[in-house]
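Reading through the structure tokens given below for one structure.
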Amino acid sequence: MLAVEKVHTLHIARPQADQFRLAALHRYHILDTPACEDFSFLTELAAKVCEVPYAFISLVDADRVWIKSCSGMQIGALPRGESYCSLAVLGEAATEIPDLSADPRTAHMALTVGAPHMRMYSSVALTSSDGHAIGTLCVMDSRPGRLSDDQRATLVKLARQVMALIELRANERSLEAAVRELELLATTDELTGLHNRRALLHRLKFEVARSRRFRAPLSALMIDIDHFKKINDEHGHVVGDQVLANVGRLLRESVRVIDMPCRYGGEELCVVLPNTPVDGACKLAETLRAKIAAQLHTAGERQFQITASVGVGSFNHMEIDDAEGLLKQADDALYRAKRNGRNRVECGSD
């Protein structure tokens, strides 16, 4: 009974620096990731070199030990208090227990008393770049024993390879995230959250080619906020920016996933509508015009409304069959909407 109490006491007591060790582990974003052939290879190689049936790459979390890779048996995770590796990350860089059943710290653990009745355990800590042991590369056997000096030295080298692979995967994820962020910055208007003009023109090339190939309908809306200069003059540019952001959000929430709302320039917005004939585009334009007119904006304690004019352009696969022609038709229609009194929709050519 004393042995059991001693085991649990050892498991509960953790170094004060464990929070920093956990922070180092979580920084790699490796927990609960899918199986990987590269990690499996290193685990199998460790078992083969050490001439034992079992090998694991384990990562010691706050309350569990998660197994990234295993050889000889399948284990997803163990409670931290039931894993030999939870002891290994608390002490020396290398840990070896010749007979687990004779060590009071491990004698009553599940893998010792139950199948496969582990007896020998040897591990090397996986050490982060800032010096924290986040897990282990370990080998085990159901017979008592020790590794030879050569086997232990090789296990140390393999552990370095495991850690190098963890670092590599983390760096790849960071690079991918950075690339995604740069792509987002390059294609998104920061103020409205809409696609920017560059992204619009790039996407429109694709949609035009697709429309030509499949004879599919393609339309575009040009939207201009009426008297926007007056809004800036009366309420200031901060309120003007907020109006643009509000309208941008309204567009994002009002169009389909396949549609592409963009900030074309200044207070002028554009929506590309794939697979949409002119009558459908005109209906959407009227819906958006009405929604914009109903939207409330705030300037201090005062609320106010705005209006917008909308022009609709659409492919007819004859006069209008390229991106430039499509945008020009929509822009000409927008000009007519503004000339004819604003807060209205004009579709196609005169």
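The values are calculated or read from the model by the stated rules, or taken from the named source; none is laboratory data. Remember, predicted model here, so these are calculated numbers, not experimental data. Every residue, glycine as well, gets a Cβ built from its backbone with ideal geometry; the counts of neighbours run over all protein chains shown. The protein model used for the area step is the full one, side chains on, heavy atoms only, and it has no ligands, DNA or RNA in it. Shrake-Rupley method; radii C 1.70, N 1.55, O 1.52, S 1.80 Å.
Which entries of LYS230/LYS283; LYS283/LYS338; LYS48/LYS157; LYS230/LYS338 show an alpha-carbon separation above 21 angstrom in the structure shown? Mind showing how you got there, number by number?
Working: LYS230/LYS283 28 Å; LYS283/LYS338 18 Å; LYS48/LYS157 14 Å; LYS230/LYS338 15 Å.
Long pairs (Cα-Cα over 21 Å): LYS230/LYS283.
In nm, what is the difference between 0.36 nm times the number of residues separating ALA177 and GLU51 and their Cα-Cα distance?
Between ALA177 and GLU51, full extension yields an extra 41.3 nm.
I'd like the FRET efficiency for ASP150 and ALA293, computed as 1/(1 + (r/R0)^6) with the beta carbon distance as r and R0 of 51 Å, rounded to 0.05.
Values: r = 81 Å, r/R0 = 1.58.
FRET efficiency, ASP150 to ALA293: 0.05.
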Rounded to the nearest 500, what is the chain's calculated 222 nm mean residue ellipticity when only DSSP H runs of at least 4 contribute -39500 (n - 2.57) each, over all residues?
-> -15000 deg cm²/dmol
Using Cα centres only, tell me the gap between the range 149-187 and the range 280-350 in whole Å.
-> 50
Counting only backbone N atoms under 19 Å from a point 7 Å out along Cα-to-Cβ of SER142, the residues of the range 93-120 in range are 98-102, 107-120
Subtract the Cα-Cα distance of GLU286 and HIS108 from 0.36 nm times their separation in residues, and report this length gain in nm to one decimal.
-> 56.7 nm
Can you grab the distance from the C-alpha centre of the range 232-249 to the C-alpha centre of the range 52-106, Å, no decimals?
-> 59
Taking the highest mean first, how do the peptides 45-54, 177-186 order by number of other beta carbon atoms within 10 angstrom per residue?
-> 45-54, 177-186
So for the pair ARG256, TYR335, with labels modelled 7 Å out along Cα→Cβ, what separation do we get in nm?
-> 3.1
Once both label points are put 7 Å beyond Cα along the C-beta direction, the ARG27-LEU184 separation in nm becomes 2.3
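If R0 is 25 Å, what FRET efficiency do you get for ASN275 and ARG198 from their C-beta distance, rounded to 0.05? Each step should come with its number before you reach the end.
Details: r = 23 Å, r/R0 = 0.93.
My answer for the efficiency is 0.60.
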Please sort through the DSSP H helices of the chain and keep those with an alpha-carbon extent of at least 30 Å along the long axis and a Kyte-Doolittle average not below 0.5.
-> none
Could you pull out which residues in the range 228-248 have an amide N less than 12 Å from a spot 7 Å beyond the Cα of ARG302, following the Cα-Cβ vector?
-> 231-236
Report, ordered by chain and residue number, the lysines lying within cross-link reach of LYS205, taken as a straight Cα distance under 22 Å and ignoring same-chain residues fewer than 8 apart.
-> LYS328
Label LYS157 and ARG249 with points 7 Å out from Cα along Cα→Cβ: what is the distance between them in nm?
-> 6.0
Could you look at the chain and say what percent of its accessible area is carbon and sulfur, using a 1.4 Å probe and all protein chains?
-> 54
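Taking square-rooted eigenvalues a ≥ b ≥ c of the alpha carbon gyration tensor, is the chain rounded, prolate or oblate, where a/c under 1.5 means rounded and, failing that, a/b exceeding b/c means prolate? Kindly include the intermediate steps, with their values, before the conclusion.
Values: a/c = 4.31, a/b = 2.85, b/c = 1.51.
Prolate shape, in that a/c is at least 1.5 and a/b is the bigger ratio.
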Let me see the pair-distance distribution of the range 119-173: every alpha carbon pair, 10 Å bin width, integer percents in order.
-> 24, 45, 24, 7, 0
